[in-house]
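Inspection log for the structure reproduced underneath, given as structure tokens.
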Amino acid sequence: MVTVQEAPAVTAPARKPRRQGDGRAAALYLAPAGILLAAMLAYPIYQLVLISFYDYGQPQAAGNAPLVFLGFANYADLLSQAQFWTVLGKTVGFAAACVVGSLIVGTGLAVLASRVRSLPRSLLFLAALGAWSTPAIAGSYVWLFLFDTDFGLVNEVLTGLGLPFEHHSWTFGTLGAFGLVAAEVIWCSFPFVLVTMYAGIKGVPDEVLEAASLDGASVWRASWSIVLPMVRPLLMIATVQSIIWDFKVFTQIYVMTNGGGVAGRNLVLNVYAYQQAFAGQEYGLGSAIGVVMTLLLLSITGLYVRSQRRSAAWL
């Protein structure tokens, strides 16, 4: 009689329980920063929300007219405007292009920095530091000078190569202007991603990569299956920060497109709110745009963090 021996069941390793003191210690460490942020942001946000419920223009700001409570009338007026939805779509598309571009450039240069010698790596980080430390308004004017229609270096080089870029205007068309501003924003933003991802890549133990190489894994396979899951928390931080920065870009758009482009073709929500609040003297409507932007940013970052946590649970 032949007996069949059953293989022992393989059970997944139990997840290490979290100690009760970890949450309390984390809260204590974060408390000073939380108190400082609350003190700096709570009152301005409260005033922003409060003004959005009133008919608040220049007469009310000067004290020459009484405040009139409108409730959600400013929000209803904003959501009924076709221009608002057009500007919102352009803002989301522009921010998405900037975020993806910053992550690709920053992560690619971080991988390059982890594989080159110390001198090229130092030069790369010095160049990135220069881009990072340049004020937004100064960087915008430098890029405008490089892409100037008549005297720009880029047009001179492209024309010298035989391409039809003589007296070409990079800021007249909608796509061209957005592309130029996006390139400048990526140039200012990629150093943060570079430093963050470089720190994560260097934190991967060499023994893990050597074991993957001995098992026959290619560089691409090791990077995708080993390095990427290990640096996922840092990638999430870099992505969230890029979303917040790029979604509320103001200086680059305002300077490089002269206030939003021809007939407002390059408006984003921040510039649109500025025009409504200060140029149009509709502070209540401008505040409503600010509240909508804040809610959108909270929703986008919340959904992204939640999706990353769900995907990380399968690793």
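Below, the figures for the structure above:
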read-out	value
Hydrodynamic radius of the chain per Kirkwood, over alpha carbon pairs, in Å	23.6 Å
At most 12 other Cβ within 10 Å, DSSP loop - trypsin sites (Lys or Arg not before Pro), region 94-142	Arg115, Arg117
Accessible area of Trp85 in the full protein assembly, 1.4 Å probe (Å², nearest 10)	130 Å²
Gained length - Ile35 relative to Ser133, 0.36 nm times residue gap less alpha-carbon distance	32.5 nm
Potential lengthening between Ala279 and Val208 on full extension [0.36 nm per residue; Cα-Cα distance subtracted]	19.7 nm
Net charge contributed by nearby residues that have their C-beta within less than 15 Å of Glu166 (K/R +1, D/E -1)	-3
Ala26-Ser299 pseudo-label distance in nm [points 7 Å out on the Cα-to-Cβ vector]	2.7 nm
GNM top mover of Tyr283, Tyr274, Tyr141 - the chain, alpha-carbon springs below 10 Å	Tyr141
Ranked packing of 265-271, 172-178, most packed first, by mean Cβ within 10 Å	265-271, 172-178
Rounded accessible area per residue of the chain, 1.4 Å, Å²	63 Å²
Highest average packing first - 58-64, 242-248, Cβ atoms within 10 Å	242-248, 58-64
Fully extended contour minus Cα-Cα distance, from Val262 to Ser225, at 0.36 nm per residue	8.6 nm
Net charge of neighbours whose Cβ lies under 14 Å from the Cβ of Tyr54, counting Lys and Arg as +1 and Asp and Glu as -1	-3
Placed amide H near Glu282: partners under 5 Å, 5+ positions off or other chain	Ala277
For region 40-171, fraction of C-alpha pairs farther apart than 20 Å, in %	74 percent
Shape of region 107-189, Cα gyration tensor, a/c cut at 1.5	prolate
In Hz, Karplus ³J(HN,Hα) per residue of region 228-238 (6.51, -1.76, 1.60; θ = phi - 60°; x = Gly, Pro)	4, x, 6, 9, 4, x, 5, 5, 5, 4, 5
For Tyr54, distant residues with modelled amide H under 5 Å away	Leu70
Sequence-separation-based contact order of region 91-231, relative, with Cα cut under 8 Å and 6+ spacing, percent	32 percent
The chain, relative contact order in percent, only Cα pairs under 8 angstrom and at least six apart counted	25 percent
Separation of the Ile237 and Leu119 label points, Cα + 7 Å toward Cβ, nm	3.3 nm
Region 194-315 - Kirkwood radius from inverse mean 1/r over Cα pairs (Å)	17.6 Å
Cβ-based net charge around Tyr272, under 14 Å, with every Lys or Arg adding one and every Asp or Glu removing one	+1
Coordinate range along principal axes, alpha carbons of region 91-231, Å, largest first	57, 35, 33
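The values are calculated or read from the model by the stated rules, or taken from the named source; none is laboratory data. Since the structure is predicted, the reported quantities are computational estimates derived from the model, not experimental observations. Note that each Cβ is placed from the backbone with ideal geometry, even for glycine, and that neighbours are counted across all protein chains shown. With ligands, DNA and RNA removed, areas are computed over all heavy atoms of the protein, side chains included. Shrake-Rupley method; radii C 1.70, N 1.55, O 1.52, S 1.80 Å.
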